[in-house]
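Undergrad: Dropping the structure in here first, questions after.
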Amino acid sequence: MEHLYRFQNRLVYRSELKGTVDKGRKQRVVLAVGAHPDDVEFLMAGTLSLLHKRGWDVCIATICTGDMGSMELRKEEISSKRFQEAKSSARILRAPYVCLGESDLHIVFDNPTRSKAIELVRKIDPAIVITHSPEDYMFDHQLTADLMWDACFSASIPNYATDQANPAKPTKRTPYLYYSDAVGGLDRFGRRVRPDFYVDIGSTMNIKEKMLTRHESQRRWLREQHGIDQYILQMKKWSKERGSEIGRKYAEAFRQHKGHPFPESNILVSILGRGYIEVG
Ligand SMILES: [Zn+2]
């Protein structure tokens, strides 16, 4: 459990993100933030993989430890297991994994949590942030979207002190902010969330699947419950549904935050090329 306490008490530093975030190419860093371990894999790993292939450094973070993700293991045991699984998945993109140490179903939008999220943005200093849909099937996801909007907004404000140990400097820019699809493409009313655009992930589906497979504790749980590999099948089904909306095999859907002071152009078009992006 040493690693979890370490992440709960302070965030890692750029210099500790070994071999992954290159200081000289600081502007080409994408930060993906999910509420729980495996959310990033379900919702955006295909797109992250495309960015990684184009030379971008990826950092994966979660707000929670995943401590509710087991019917048998105690919170500490499952957290520890899921930390290792998330790290192993992130390693496929040579990405560091950072956990902000909150407990599942306990995310709140309060000042201590805001401070940690802002410190995360300052330490990683990403050009692009991708997080959950503000409308989703569960509260942790929606709060993560709000926390990351707030963190991207506030990270550059010099008088905002995060009160973290060895705080990073305020950032010099507001990152591009994207919201992933809602889980299953549906909001809390069961209505389909309409994307701004889609990314064709046909060429990186194998990597997305490989990353998700690393979350073995969750995969096994569903497999035992359903008798089939529901975990991977579900992810493919959702990616296929979004793909079919644009005539491609697999796709991930996104919306962009365009309110002041966020950049409004779609940087993903210039990085990935028009062939990969389909407007919704
Ligand atoms: Zn989740």
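Undergrad: Collect the residues in the stretch 209-228 that are modelled with pLDDT under 90 and outside any loop (DSSP other than H, G, I, E, B), keeping them in residue-number order.
TA: Of everything in the stretch 209-228, those that are modelled with pLDDT under 90 and outside any loop (DSSP other than H, G, I, E, B) turn out to be ARG220, TRP221, LEU222, ARG223, GLU224, GLN225, HIS226.
Undergrad: Mind checking which helices (runs of 4 or more DSSP H) fall wholly inside the stretch 35-149 and carry at least 1 residues that are within 12 Å of the ligand (Cβ to nearest atom) and within 21 Å of ARG219 (Cα to Cα)?
TA: 39-53, 75-91
Undergrad: Taking the conditions exactly as written (at pLDDT 95 or above, among the aliphatic types (A, V, I, L, M) and either more than 18 Å from the chain's Cα centre (by Cα) or over 24 Å from LYS237 (Cβ atoms) (or both)), does ILE63 satisfy them or not?
TA: Answer is yes for this residue.
Undergrad: Mind telling me which of the residues VAL40, VAL21 ends up being buried (at least 24 other Cβ atoms within 10 Å of the Cβ) and modelled with pLDDT under 95?
TA: On inspection, the qualifying residue turns out to be VAL21.
Undergrad: Kindly list the number of the only condition in (1) of a type outside the set (A, V, I, L, M, F, W, C); (2) surrounded by 20 or more Cβ atoms within 10 Å (Cβ to Cβ); (3) without any contact (Cβ under 8 Å) to a residue 12 or more places away in the chain that fails for SER239.
TA: (3)
Undergrad: Can we say ALA161 is under 23 Å from ALA95 (Cβ atoms) and either within 16 Å of the ligand (Cβ to nearest atom) or assigned to a loop (DSSP other than H, G, I, E, B) (or both)?
TA: So ALA161 fails the test.
Undergrad: Also, quick follow-up: Taking interchain pairs and intrachain pairs at least six residues apart, which have beta carbon atoms under 6 angstrom, with the first residue in the stretch 49-66 and more than 18 Å from ALA86 (Cβ to Cβ) and surrounded by fewer than 24 Cβ atoms within 10 Å (Cβ to Cβ) and the second at pLDDT 95 or above and hydroxyl-bearing (Ser, Thr, Tyr)?
TA: LEU50/THR204
Undergrad: Would you mind stating whether ALA145 is hydrophobic (A, V, I, L, M, F, W, C), surrounded by 15 or more Cβ atoms within 10 Å (Cβ to Cβ) and within 20 Å of HIS36 (Cβ to Cβ)?
TA: Here the answer is yes, as ALA145 does meet what is asked.
Undergrad: Which one of the conditions (1) in contact with a Leu (Cβ under 8 Å, 6 or more places away or on another chain); (2) surrounded by fewer than 18 Cβ atoms within 10 Å (Cβ to Cβ); (3) modelled with pLDDT under 95 does LEU11 fail to meet, given that it meets all the rest?
TA: So LEU11 meets the others, but not (2).
Undergrad: Given the options ALA145, ALA155, ALA151, name the one that is in contact with a His (Cβ under 6 Å, 6 or more places away or on another chain) and either free of Cβ contacts under 8 Å to residues at least 40 places away in the same chain or of a type in the set (Asp, Glu) (or both).
TA: ALA145
Undergrad: Related question: Taking the options SER115, SER103, SER133, SER88, name whichever one is of a type in the set (S, T, N, Q) and either crowded, with 19+ Cβ neighbours inside 10 Å or without any contact (Cβ under 8 Å) to a residue 24 or more places away in the chain (or both).
TA: After ruling out the rest, the residue left standing is SER133.
Undergrad: Under 8 Å by Cβ, and 6 or more places apart or on different chains, what pairs join a residue from the stretch 204-220 that is closer than 11 Å to SER49 by Cβ with one that is charged (D, E, K, R)?
TA: Final answer for the pair search is THR204/LYS53; MET205/LYS236; MET205/LYS249; LYS208/GLU41; GLU209/LYS236; MET211/GLU41.
Undergrad: Take the conditions in a loop (DSSP other than H, G, I, E, B), free of Cβ contacts under 8 Å to residues at least 40 places away in the same chain and of a type outside the set (Val, Ile, Thr) and apply them to ASN166. Does it pass?
TA: Here the answer is no, as ASN166 does not meet what is asked.
Undergrad: Could you check the stretch 214-239 and list, in sequence order, the residues that are farther than 25 Å from LYS75 by Cβ and more than 22 Å from the chain's Cα centre (by Cα)?
TA: GLY227, ILE228, ASP229 - these are the residues of the stretch 214-239 that are farther than 25 Å from LYS75 by Cβ and more than 22 Å from the chain's Cα centre (by Cα).
Undergrad: Something else: For ARG191, all conditions in the list (1) surrounded by 14 or more Cβ atoms within 10 Å (Cβ to Cβ); (2) away from the ligand (no atom under 16 Å from the Cβ) hold save one; what is the number of the exception?
TA: Going through (1) surrounded by 14 or more Cβ atoms within 10 Å (Cβ to Cβ); (2) away from the ligand (no atom under 16 Å from the Cβ) one by one, ARG191 breaks only (1).
Undergrad: Follow-up. Using the structure shown, decide if ASN206 is surrounded by fewer than 19 Cβ atoms within 10 Å (Cβ to Cβ), of a type outside the set (Lys, Arg), modelled with pLDDT of 95 or more and in a helix (DSSP H, G or I).
TA: yes
Undergrad: Residue under question is ASP196, and the condition is that it be among the acidic types (Asp, Glu) and either crowded, with 22+ Cβ neighbours inside 10 Å or within 12 Å of PHE42 (Cα to Cα) (or both); does it hold?
TA: In short, no.
The values are calculated or read from the model by the stated rules, or taken from the named source; none is laboratory data. This structure is a prediction, so every number in the text was calculated from the model and none was measured. When we count neighbours, we look across all protein chains shown, and the Cβ atoms used for this are built from the backbone with ideal geometry, even at glycine.
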